[in-house]
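Engineer: Once you've had a glance at the structure underneath, I'll fire off some questions.
The values are calculated or read from the model by the stated rules, or taken from the named source; none is laboratory data. None of the values given here were measured: they were computed from a predicted structure. Here the Cβ positions follow ideal geometry from the backbone for every residue, glycine too, while neighbour counts run over all protein chains shown.
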Amino acid sequence: MKADADRAFVVHPEFKSSKSSDAISFEEAIALSNSLGLSVIAKERVNIRYPKVGYLFGSGAIKTILDKVNNLKINLIIVNGYISPIQQRNLEKIWNVKLIDRTHLILEIFADRAITREGKLQVELASLYYQRTRLVRSWTHLERQRGALGFIGGPGETQIESDRREIDKAIVRLKKQLEKVVKTRFLHRKSRKKVPYPTIALVGYTNAGKSTLFNLITNSNVYAKDKLFATLDTTMRLLELPSKSKVIMSDTVGFISDLPTELIAAFRATLEEVLDADLLIHVRDVSHRDTEQQKVDVLKIVSELGIDKSKIDNMLEVANKVDLLPEEEFQKLENIVKRSENIFPVSSKDIVGVNELIDAIDLILSKNFISETLRFGFDKTSYRAKLYDISIVESEKLNEEGYEISVRWSEKRRGEFFHYLNSGEI
């Protein structure tokens, strides 16, 4: 049994215009709460015809929830949706418990899971942006409590940023720290480009199985567990394909519906590997009953990140967890796969379809690379240096006239090299 401070009540506002996917969103909120280690004592849908300006819920619903809070000794209410600062303040006064919304809950999980210094800084920055929007006139202090970001917990809180100016100072400080971290990562990325292996990024809804698949393909041990947001920090590994070509593969944070805008902005730098990737692979949990809506959510976020449309159109799709599909659904999937060259049924658990996926990656990337031999005189050492700088040199020979260098590169790298050559920059 969890401590009293962890006794939570998940409330799902159901508006007249609610979509069928809202039921999944409700279940997701419960899973998110459990994922954070909270003990969900109660859960309830509340129908709302017209949102009350200062309270969101009607007086009857407020009284019903208050009775449950008192009877079940609840001290944390999670509203699965947006709630304004004034509504939050008014309801906390009535219910006499801490109240957070969906954005707040996701921020808590990100704070709990971030491992790298950059990840922690970005979560803290996102939380400050969020807190800044929660300031209302009657608040004189923000409270830091026992939770990962100081949002969830019992008594014993200590005062933190007391007003907007203090939050702004903290934001400036964090941005400066992040600039240093981002600069270091930029240098690492620039260094990788000197040996320009193609890059592949796994994207997908949280808990779709990206990390498990990543571990299988790259023979790694990235943390993978059947819970939401198991992976928050981008991990990259060098992978040798069957053709002996090398690629860099990255495993990224999972997406979720209604992903807080604060996190999209704060984690944009972390997802730069996705923006720069030569190939995107969308990993889907096809056994999930809301898999189609999850696909829509992922594509929406990918688009919001500013990823080139051609990359999205050419994205490979991994239909993961096929081992959990009923026979009838599996047959439907197979029929879809037959009509598409970009969908690959995979079971990471049973290691089914993984080799076929790797072969497809190899084939696609090989189409984008060409091999040729270049010859330069001994007076063109700068050309030779540039080739080593921007391309994969497969072999090199010396003869009486000079260098004979065999390279394998993309059209992009080839064009880059000859641009420098013709411009006289080398």
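Engineer: Criterion first (at pLDDT below 85 and within 23 Å of the chain's Cα centre (by Cα)) does Asp22 satisfy it?
Structural biologist: Values: at pLDDT below 85: yes; within 23 Å of the chain's Cα centre (by Cα): yes.
Answer is yes for this residue.
Engineer: Go through (1) touching a residue at least 60 places away in the same chain (Cβ under 8 Å); (2) in a helix (DSSP H, G or I); (3) farther than 30 Å from Glu327 by Cβ and name the single condition Trp409 misses.
Structural biologist: For Trp409, the exception is condition (2).
Engineer: State all residues of region 328-377 that are outside any helix (DSSP H, G or I), basic (Lys, Arg) and assigned by TED's automatic domain parsing to the domain that holds Val318; if no residue qualifies, say none. Let's see the steps before the verdict.
Structural biologist: The initial filter retains those residues of region 328-377 that are outside any helix (DSSP H, G or I), namely 339-353, 368-377.
With basic (Lys, Arg) added as a condition, the list becomes 339, 349, 375.
Those that are outside any helix (DSSP H, G or I), basic (Lys, Arg) and assigned by TED's automatic domain parsing to the domain that holds Val318: Arg339, Lys349.
Engineer: For region 343-380, which residues satisfy the criterion of being surrounded by 15 or more Cβ atoms within 10 Å (Cβ to Cβ) and under 21 Å from Ala208 (Cα atoms)?
Structural biologist: Across region 343-380, the qualifying residues are Ile343, Phe344, Pro345, Val346, Ser347, Ser348, Gly353, Val354, Leu357, Ile358, Ala360, Ile361.
Engineer: For region 162-183, enumerate the residues that are more than 16 Å from Val123 (Cα to Cα), touching a residue at least 12 places away in the same chain (Cβ under 8 Å) and part of a helix (DSSP H, G or I).
Structural biologist: Answer for region 162-183, where residues must be more than 16 Å from Val123 (Cα to Cα), touching a residue at least 12 places away in the same chain (Cβ under 8 Å) and part of a helix (DSSP H, G or I): just Arg164.
Engineer: Give just the number: which of (1) closer than 27 Å to Gly415 by Cα; (2) among the aliphatic types (A, V, I, L, M); (3) over 25 Å from the mean Cα position of the chain (by Cα) does Ala360 not satisfy?
Structural biologist: That leaves (3) as the condition not met.
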